[in-house]
Amino acid sequence: LRSKAAYVALVASRTRAEAVIDYLKDQGLRPEALALLKYPAGLDIHARRGDEIALSIMAEIVQQRRTAEPLAIEALLADIDVATVPTEAIDPVCGMTVEIAGAQHTTVYNGQTYYFCCAGCRTTFEADPESYLTQAPPAGAAIDPVCGMTVDIANAKYMSEFEGELVYFCGAGCKAAFDKEPHQYRQSETVPTS
């Protein structure tokens, strides 16, 4: 109701709707905002069953769309911040996608934060950052040592560091199996792509 929605309806009985309205008043919603709430939702066609109630709501939506003023999209979007904030970053060492929120391995270089999949990649980067900032991210494919599946390195979500090398996996299950007993599985080999 605080939005600029053209139509807001409450699917509830009149008794339940009154309780919801009282609650919304207690939460500080202004009477003008509450006046925009349509309840009960739907056209009055004496609907009783769920499918009938759904039909009455759809009919009311159609009616609302046909009789309403055209929406001023610019006005609706005026108060909305449409600037996008990145949620993922690319590990400059291995090329893996890293979730920014909650990232455990980060470093700041020349005022910019870099995100890493593991401590090994961070340490490698910190030893010579310029060499990783001037090269393209790793490409190609690797073989999952657990199941033998080919994994695209650039889009890999699961990997582990083992004996100084990055090992790529098709999924969480293979990574968990490898991490439990890494010596049981052979190292994956990178397969160049063309």
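Every number here is computed from the coordinates shown, using simple stated rules; none is lab data. Keep in mind the model is a prediction, meaning the values are calculated, not measured. Here the Cβ is made from the backbone with ideal geometry for all residues, glycine too, and neighbour counts use every protein chain on show.
Here the dipole of the range 88-191 is about 200 debye; that uses its Cα centre as origin and unit charges on the Cβ of Lys and Arg (positive) and Asp and Glu (negative). Within the chain, the longest segment free of exposed loop sites, counting trypsin sites (Lys or Arg not before Pro) that fall outside DSSP classes H, G, I, E and B and have at most 16 other Cβ atoms within 10 Å, spans 50-156.
In plain terms, the C-alpha convex hull of the range 8-77 casts an average shadow of 5.9 nm² when viewed from every direction.
Using C-alpha pairs under 8 Å with a sequence gap of at least 6, the mean separation divided by the residue count of the chain gives a relative contact order of 13 percent. Antiparallel beta bridges, as assigned by DSSP with both residues in the chain, represent about 90 percent of the total such bridges.
The charge dipole of the chain, taken about its Cα centre with unit charges on the Cβ atoms of Lys, Arg (+1), Asp and Glu (-1) only, comes to about 1080 debye. Ordering His183, His105 from the fewest to the most neighbouring beta carbons within 10 Å gives His183, His105. Ordering Met149, Met58, Met159 from the fewest to the most neighbouring beta carbons within 10 Å gives Met58, Met149, Met159. In percent, rounded to a whole number, the relative contact order of the range 8-77 is 30, using alpha-carbon pairs under 8 Å and six or more apart.
Scan the chain and report its longest stretch carrying no GluC sites (Glu not before Pro) that are both in a DSSP loop and have at most 10 other Cβ atoms within 10 Å.
Details: sites that count: Glu163, Glu189.
Answer - 1-162.
Across the options Ala154, Pro182, Ala19, the greatest Cα extent toward the positive end of the charge dipole of the chain (unit charges at beta carbon of Lys, Arg, Asp, Glu) belongs to Ala19. The share of alpha-carbon pairs in the chain lying farther apart than 27 Å comes to 57%.
Per the helix-only calculation at 222 nm, which mean residue ellipticity applies to the chain, given -39500 (n - 2.57) for every DSSP H run of n ≥ 4 and division by its residues, nearest 500 deg cm²/dmol?
-9500 deg cm²/dmol
Charged side chains reduced to their Cβ positions (Lys and Arg at +1, Asp and Glu at -1) give the range 8-77 a dipole of some 160 debye around its Cα centre.
Projected onto their three principal axes, the Cα atoms of the range 88-191 cover extents of 41, 27, 23 Å, largest first. Largest GNM mean-square fluctuation among Val62, Val167, Val85, using the chain with Cα springs under 10 Å: Val62.
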